[in-house]
Amino acid sequence: MTRYATIISSGAYLPEIERPNTAMEEKFGEVIGKFQKSSGISTRFYAPDDWATSDLAVEAGKRAIQKAGLKPEDIDMIILGTDSPDYITPATSVVVQYKLGATNAGTFDVGCACASFPTGLNLAAGLISSNPNLKYILVIGAYMMHKLSDWENDVMSFFYGDGAGAAIVTASDKPGFVSSAFAADGSYHKHWGIYSGGTYEPATVDSINEGRTKVRLVTPFPPEVNHEGWPARMRELAKNGNFKLSDVDLVIYTQVRLNSIKLVQETLGLPIEKAHWVMDRFGYTGSACLPMAFDDAWNQGKVKSGDLVCFVGSGVGYNQAGSAFIMP
């Protein structure tokens, strides 16, 4: 019997400390209104100061596990995508495994920013289809970039909201996973990131004082990275999965600019109703934004049995990834 991989549940967690645009306007002025117009973001939420990214991931994981009717001990593997880890090492996924009580799970981290969740889904599908000993894989995207930013003084903190989302991938006798797509262009690796604290420049008193251990936008990405990259990934998913773009029922993109989603849907000839977005209510939640949007769409009844759902993520570096699934 052919062994397929399918998504059986989702979960998300949004922390409670809100920082709306009105509060940011007092600090940064009218530029916040311009950002809101192009992005659609009106607010964002922060985790408490004593929380780490793993705490957000655990909360989303709990919700996905409960929705699937499982227990933490049922999980065989945890794949965690984040670019705001608890530590440089060890992996944040092992911390999540411990805090979640998933005592039978192996773990690993995926670190390609907003491309992490579709990458994680693709990895989970491959592991499920080729390893009969694996039954349930928990894929999580988590983000706490506000804590790694100068959120009180850097206007780019407009985009940083905390949160986590998760999905459980399991084995099935019916097709679920359809296709994947990947792309990268490392020539952009110095555009946006945290550039001190690793082996390139270990943290020093000077690098801390000069802000290089905080996330910084150095050079803006050209709009084409997403406006051309997302349609390219969607077309690759369709080609690799032997389906037509018109067959797609729902697309979840990186939740950074609503105008980008509208433009890409128009480019692909897909109605905007086939996309879903949450950045207006949640803010930009980076590595977590795709699973959080997916969970929100599912909760709203926009994800139904038999639907063809596509995920397209684009993260700094840059990495891009796509994943397509038929819902059970």
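Averaging 1/r over each pair of different alpha-carbon atoms in segment 3-152 and inverting the result gives 16.7 Å, the Kirkwood hydrodynamic radius. At q = 0.06, 0.09, 0.12 Å⁻¹, what base-10 log of I(q)/I(0) does the Debye formula yield for the chain when every alpha carbon is treated as an equal point scatterer in vacuo? Taking Cα atoms of the chain as identical point scatterers yields -0.19, -0.43, -0.77.
Could you please state, rounded to a whole Å, how far the C-alpha centre of segment 96-114 is from the C-alpha centre of segment 230-260? If you average the Cα positions of each part, the centres end up 28 Å apart.
To the nearest ten degrees, helix 229-241 and the longest principal axis of the Cα atoms of the chain are 10 degrees apart.
Dividing the mean sequence gap of close Cα pairs (under 8 Å, 6+ apart) by how many residues segment 47-176 holds gives a relative contact order of 32 percent. The equivalent ellipsoid that matches the C-alpha gyration tensor of segment 1-64 spans semi-axes of 35, 18, 8 angstrom, in descending order. Relative to the current alpha-carbon distance between VAL155 and VAL218, full extension at 0.36 nm per residue lengthens the span by 21.4 nm. How far, in degrees from 0 to 90, does helix 116-130 lean away from the longest principal axis of the Cα atoms of the chain, to the nearest 10? Here the helix axis deviates by roughly 20 degrees. In a DSSP loop and with at most 16 other Cβ atoms within 10 Å, the GluC sites (Glu not before Pro) in segment 187-233 are GLU210, GLU228. The distance separating the Cα centre of segment 166-190 from that of segment 268-328 comes to 12 Å.
For the peptides 8-14, 63-69, 166-172, 82-88, residues were scored by their other Cβ atoms within 10 Å and the scores averaged per peptide; the highest-first order is 166-172, 8-14, 82-88, 63-69. Once C-alpha pairs closer than 8 Å and six or more residues apart are averaged by separation and normalised to the residue number of segment 178-326, the relative contact order reads 35 percent. Sorted fewest first by neighbouring Cβ atoms within 10 angstrom, ILE140, ILE252 come out as ILE252, ILE140. Close amide H contacts of LYS135 (hydrogens built in the peptide plane, cut-off under 5 Å, sequence separation of 5 or more or a different chain): ASP76.
Per-residue Cβ neighbour counts within 10 Å put CYS112, CYS310 in the sequence CYS112, CYS310, beginning with the fewest. What fraction of the DSSP beta bridges in the chain is antiparallel, stated in percent and rounded to the nearest 5? Beta bridges within the chain, antiparallel portion: roughly 70 percent.
Each residue in TYR98, TYR4 was given a count of other beta-carbon atoms within 10 angstrom of its own, and listing them fewest first yields TYR98, TYR4.
All of the numbers you see were taken from the coordinates with simple rules; none came from a lab. Everything quoted here is computed from the prediction, not taken from an experiment. All Cβ positions, even for glycine, are placed from backbone atoms using ideal geometry, and neighbour counts span all protein chains on display.
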